[in-house]
Ligand code: FNR
């Protein structure tokens, strides 16, 4: 069936579902436990409502500019001329994207690169640092997400490859040092890491995590070398040992002056520790409800964290963003940027690169209209007075 061009993201998700193997769809759609936190992420958006303001001489061309980590990003929306849009929308790090379409990370990195928006490469990527950088394009903002191995040599190797290939911001995911109880994956027998072990026993080659392993294996490696590297990664990182705040100093030494962002912060106390330990940013996130089932909805965590640390850290947000109004609400509550997760995967599965581009542009156009129709010419007035939380 030819993919339908539709502004309806729910239809794009159901198209993705019909095209994907059951394991892949469930892996992406599912969460931990009873998936109560997946639901809480959406419910939190419904608690907050936008308070539109009228007759404020909003022009058809909005200015959505804001500088993130020292960099202006060109306008991502065709109808905006000369606007310096910021890093409002970042691709959330998502592993094994070739599961969703053969073009996987390459297509996604290309689409974000075209729009000048940051693409974050996951440690669990199915495509290597260099290939993703090439697809992303010279000079475009690229970030690297680290699942922090317990072996220092491996961590250093990842960081070196990331830097050499132009990844500018290090995103350290702190909520997934062990995988949660995920019933859908247990049922279908799917875990990407299990799949990577599976390469050892002859499962499909597409599951080989090409960027894992020490440098000589990461790029230009044969499939056999990659399989070994994948196994090595699993053995050395999946011991269920939680890293500690004090260890961050090592990452700082290895990464140098570049920005380091902790992804998966949910409490003001941890946000304050991130300041104390010299981090540049945090991403308020519960991993899309995939780790602690029963955890509070991600948007609910945002205001207290902003109150505790705003101004001291750059604050990103993800978890449940499905439309322009959601982006608006997160920014109004103090996020400097947001990350897009599952909707981008549905676009990719629906129609490869074209589908991913369509979803990204749709979300941004919807967001742009929401800003304008709510009475804002730019983001400076999109603050807490722009939303209400009815009792
Ligand atoms: C993720 N996420 C994730 N996070 C991360 O730091 N590294 C990773 O490799 C992955 N992989 C991954 C795979 C899949 C299939 C999903 C759905 C999610 C979490 C991701 O970055 C983000 O936090 C959530 O996706 C945000 O929630 P929503 O908006 O997708 O519901």
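Laboratory data are not the source of any read-out in this text; all were calculated from the coordinates shown. Everything numeric here is computed off the predicted structure, so don't read it as measured data. Positions of Cβ are generated from backbone atoms using ideal geometry, with glycine treated the same way; all protein chains shown enter the neighbour counts.
The distance between label points at residue 381 and residue 323 comes to 2.3 nm (points 7 Å beyond Cα on the Cα→Cβ vector). Please identify which residues in the range 255-293 have an amide N closer than 16 Å to a label point set 7 Å out from the Cα of residue 244, following the Cα→Cβ vector. Backbone N within reach: 277. Look at the Cα gyration tensor of the range 89-160: its axes a ≥ b ≥ c give a/c of at least 1.5 with a/b over b/c, and that counts as prolate. Can you classify the range 243-299 as rounded, prolate or oblate using the Cα gyration tensor, where a ≥ b ≥ c are the square roots of its eigenvalues, rounded means a/c under 1.5, and otherwise it's prolate if a/b beats b/c and oblate if not? It comes out prolate by the Cα gyration axes.
Ranking of 388, 171 by neighbouring Cβ atoms within 10 Å, starting from the fewest: 388, 171. Stretching the chain fully between residue 34 and residue 51 yields a gain of 2.8 nm (0.36 nm per residue, less the alpha carbon separation).
Using all pairs of distinct alpha-carbon atoms, the Kirkwood hydrodynamic radius of the range 293-385 works out to 14.2 angstrom. In a fully extended conformation the segment linking residue 275 and residue 373 would gain 31.7 nm over its present Cα-Cα distance, using 0.36 nm per residue.
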